[in-house]
1. So, with +1 on the Cβ of K and R and -1 on the Cβ of D and E, and no other charges, what is the size of the charge dipole of the chain about its Cα centre, to the nearest 20 debye?
2. For region 154-270, which whole percent of the accessible surface, found with a 1.4 angstrom probe, sits on carbon and sulfur atoms?
3. Taking amide H positions as placed 1.01 Å from N in the peptide plane, with prolines and chain starts having none, which residues 5 or more places from V340, or on another chain, fall under 5 Å of its amide H?
4. Can you list the residues, at least 5 places off or on another chain, whose amide H is less than 5 Å from the amide H of V34, using H built in the peptide plane?
5. Please report, to one decimal in angstroms, the Kirkwood hydrodynamic radius of region 142-236 built from all distinct Cα-Cα pairs.
6. For the chain, what mean projected area does the convex hull of the alpha carbons give, in nm²?
7. Quick query: amide H of W417 versus all other amide H atoms, modeled in the peptide plane; which residues come in under 5 Å with a sequence gap of 5 or more or a different chain?
8. What accessible area per residue comes out for the chain, rounded to a whole number of Å², with a 1.4 Å probe?
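The values are calculated or read from the model by the stated rules, or taken from the named source; none is laboratory data. Nothing here was measured: the structure is a model prediction, and the numbers come from that model. Using ideal geometry, Cβ is built from the backbone for each residue, glycine included, and neighbour counts are taken over all protein chains shown. The area values use the complete protein model at the heavy-atom level, side chains included, leaving out ligands, DNA and RNA. Shrake-Rupley method; radii C 1.70, N 1.55, O 1.52, S 1.80 Å.
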Amino acid sequence: MGELNKEVVDLVWKRPGSNGVSASLFRRWTQGLVFSETEHTALEQFEGGPCAVIAPIQVWTSPQTRQYITLHTNMKEEQKAALCSTLAEILEQACSTSSTTSFCLVTWAKGQCPHTTTHTPLTGGPETSQQPSEKRIVKSLSELREEVVSLYETWKGRCGVLFFLYSVILTKGIVNIRNEIEDTTEPLVDPVYGHGSQSLVNLLVTGHAVSNVWDGDRECSGMKLHGIHNQTSVGFLTLMESLRYCKVGAFLKSPKFPIWILGSETHLSVFFAKEMCLVAPESPSEQARRVFQTFDPEDNGFIPDSLLEEVMKALDLVSEPEYYVSLMKSKLDPEGLGIVLLAPFLLEFFPDQDTGIPDSFPVYHYNGLKQSNHNERVEYVQGTALVLGLEDPMVRTDDTPVKRCLQTKWPYIELLWNTDRSPSLN
């Protein structure tokens, strides 16, 4: 792969002026995409780090797997079909969000594939490990799907995670990725702790390597900071929002499928349900909340009254600007404080809107790390979610990181798990 190989390595691993990542940290990423022996649709993660690739693949695999279960009688064939379909889907998305028209797949060079298990780490760092690799270029979707299936053993092998990550990067294009990343001096994988960046997670979930999770772009000191521009297929929620370090936008909070990556300080897991009504098309009140919050980037819960006309125009609520906006300012700010609060705004224009969410529904949690699962068996933890009202004291469950993470989307959610202990976010 020559000089291009160095560009990929630098993008993933290296800060300018640094020596790159240590061999021991890099070895944590040298594993294959393998399924748990106890949960046949759950991918297993051996050590901390590669969850930034494994969790996004898991969320894509979940709906795909449910499709294939009815088509195959052989478990191994189900797994192969689900995983390969997922990988092709992510590569297709990466290609569609760039100017490229071809797909690049990274694999072992002929005669170089090592005969070792997926648990056996490589020696050395990223620079030395990629010498025996090659790239294959395919031009069409049908070719892509065939090639991905033909490389199934590569994806399962000890560099499967890395080869797929490099395939996505080269398909998207290194220049395209650098143009989307906010700080191009920061690699996609932290060279000190080995955690994947938000840009890496966004790249695999949305096809765009943007560094932020809010809706749309924002201006800050003359800089344009890129966010998420469309509703995503799968979602993202983070414990960091409950700690007020960030604010996830509606596009990631309300995806097309009821599946969310959950982020803690150090790890990524997955939460999913089968109730499609959880991700019904955006209601008028939800749209209004999202638009209002784009004018309230600090998440204060209010906007200056001078912005009310712009919010109303964005929601097609203005018919006679001068008279109607002035009337609404007086009604929504009766004390003349110069601000408009979100709650009265929604109540005025969108009263009594039913969300359509059931009071309770089955939920599942996935954590790919063996040591984070009961008896070190990677299995889905099943439970029941209760979405209560503000004044409803019916049930109050434990305050856990998983619950605090989910409360950033459903503020009054309660969780009753079928196991003795709550699932771990880490």
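1. 1680
2. Roughly 52 percent, rounded to a whole number.
3. Under 5 Å from the amide H of V340: I303, D305.
4. Sorted by chain and number, the residues that satisfy this are E44.
5. It works out to 14.9 Å.
6. 23.4
7. T384
8. 47
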